[in-house]
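Remarks on the structure that follows.
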Amino acid sequence: MDIQKKFEDAASVIKNSKALVVTAGAGMGVDSGLPDFRGDKGFWNAYPMYERLGINFVEAANPIHFAMDPAFGWGFYGHRANLYREASPHAGFQIILDWISRYNLDYFVATSNVDGHFQRAGFAEDKVYEVHGSILYMQCLTPCCEDIWENGEIVDVDLDSMRAKNIPNCPRCGVVARPNILMFGDFSWLSERSDRQSYRFNHFLYEHRDENLVVVEIGAGTGVPTIRRTSEHIGDQRHVTVIRVNLREPYIRQPHISIACAGLEALRGIDEALKR
């Protein structure tokens with residue numbers, strides 16, 4: 001099917017919906033200049049120093065480093081936090097906000113991204129579910145308590161060794177602090193903040209169970225399929241259409257809509273169709 005026809009079909013679904021769910025993976029951040037870590041080569045292209053060390057994303061994103069070598073653990077996550085703070089959310093975020101306003105849509109966002117860009121772009125804090133947590137929040141590594149606090153730390157990182165020059169500590173007990181992010185092989189993640197978001201998300205879905213609902217999924221791959229599965233689970237319900245935007249892995253069964261292009265390109269294409 002011609003991609004313009006897909007843009008038009010997606011526009012028609014959005015225009016006739018009562019509520020919108022945005023499900024977003026790493027591909028949503030690519031148009032903001034953020035890496036998506038797709039495969040070892042994708043990770044090493046973003047972080048060539050780890051290729052020299054023979055470390056892939058799964059190995060780098062492991063909380064054991066905060067316990068065994070905090071400077072190494074914070075080298076990776078401190079650099080990522082700095083990168084996410086410096087990058088600006090791309091124009092696609094505003095396009096979605098315009099749809100919400102124009103068509104008076106209730107909405108919710110479910111994302112595996114930990115960058116906080118939806119909130120920075122203007123999405124309401126209580127309308128975002130960060131399924132893997134957020135790099136903008138921290139917790140105790142142990143943890144000594146259930147506290148989760150905002151990450152105001154600026155970690156200085158030596159890019160040659162990817163080691164942090166300063167290590168954030170827990171203000172309560174003084175041991176190493178870590179990002180409030182679900183990592184691979186995690187043993188101490190505090191999920192309370194994400195659990196509260198999940199409760200609000202499920203309540204939203206329940207409230208709109210008998211209404212036309214559209215899911216716009218952007219850049220969610222199969223490597224860590226949490227977001228794709230969330231979209232498909234919602235799409236199994238009545239009155240729901242999923243619009244899957246994915247440059248490399250766009251397939252979804254009919255009557256859902258598959259769009260094989262980058263996120264911002266698709267959002268602009270659908271927006272033009274809506275305006276026509």
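Read-outs throughout are calculated quantities, based only on the coordinates presented, and are distinct from any laboratory measurement. The structure presented is a predicted model; accordingly, all values stated were derived computationally and were not measured. Heads up, the Cβs are rebuilt from the backbone with ideal geometry, glycines too, and the neighbour counts pull from every protein chain shown.
Oblate is the label for segment 167-258, because a/c, from the alpha-carbon gyration tensor with a ≥ b ≥ c as root eigenvalues, is 1.5 or above and a/b does not exceed b/c.
Taking θ as phi - 60° and the Karplus parameters 6.51, -1.76 and 1.60, the scalar couplings of segment 153-161 work out to 6, 9, 9, 7, 10, 7, 6, 6, 9 Hz in sequence order, x denoting glycine and proline. Taking a temperature of 4 °C and a viscosity of 1.567 mPa s, what whole-number D in µm²/s does Stokes-Einstein yield for segment 203-247 with Rh from Kirkwood over alpha carbon pairs? Reported coefficient: 117 µm²/s. For the chain, the Cβ-based charge dipole about the Cα centre amounts to some 500 debye (Lys, Arg positive; Asp, Glu negative; other atoms uncharged). Here the calculated FRET efficiency for Leu53 and Leu247, from their Cβ-Cβ distance with R0 = 35 Å, stands at 0.75, rounded to the nearest 0.05. Full extension of the chain between Ile3 and Asp147 yields a length gain of 47.1 nm, computed as 0.36 nm times the residue separation minus the alpha carbon distance. The packing ranking, built from the mean of other Cβ atoms within 10 Å per residue, places the peptides 43-55, 14-26, 76-88 in the order 14-26, 76-88, 43-55, highest first. Sequence-distant contacts, meaning Cα pairs under 8 Å at least 6 residues apart, place the relative contact order of the chain at 27 percent. According to the Kirkwood relation over distinct C-alpha pairs, the hydrodynamic radius of the chain is 19.5 Å.
The residue list His65, Ile227, Val114 was ranked by how far each Cα lies along the charge dipole of the chain toward its positive end, using unit charges on Cβ atoms, and Ile227 comes out on top. Normalised by 2.2 N^0.38 Å, where N counts its residues, the alpha-carbon radius of gyration of segment 127-175 equals 1.34. Stretching Lys275 away from Asp236 to a fully extended chain increases their span by 11.1 nm, per 0.36 nm per residue minus the current alpha-carbon distance. Let me know the shape class of segment 86-130, please: from the alpha-carbon gyration tensor, a ≥ b ≥ c as square roots of the eigenvalues, rounded when a/c is under 1.5, otherwise prolate if a/b is greater than b/c, or oblate. Oblate, because a/c is 1.5 or more while a/b does not exceed b/c. Computed over segment 201-276, relative contact order equals 25 percent, with contacts defined as Cα pairs under 8 Å that lie 6+ residues apart. Ranking Met138, Tyr84, Trp74 by Cα position along the charge dipole of the chain, where only Lys, Arg, Asp and Glu carry charges on their C-beta atoms, puts Tyr84 farthest toward the positive end. Taking the longest Cα principal axis of the chain as reference, the axis of helix 192-207 is set at about 10 degrees.
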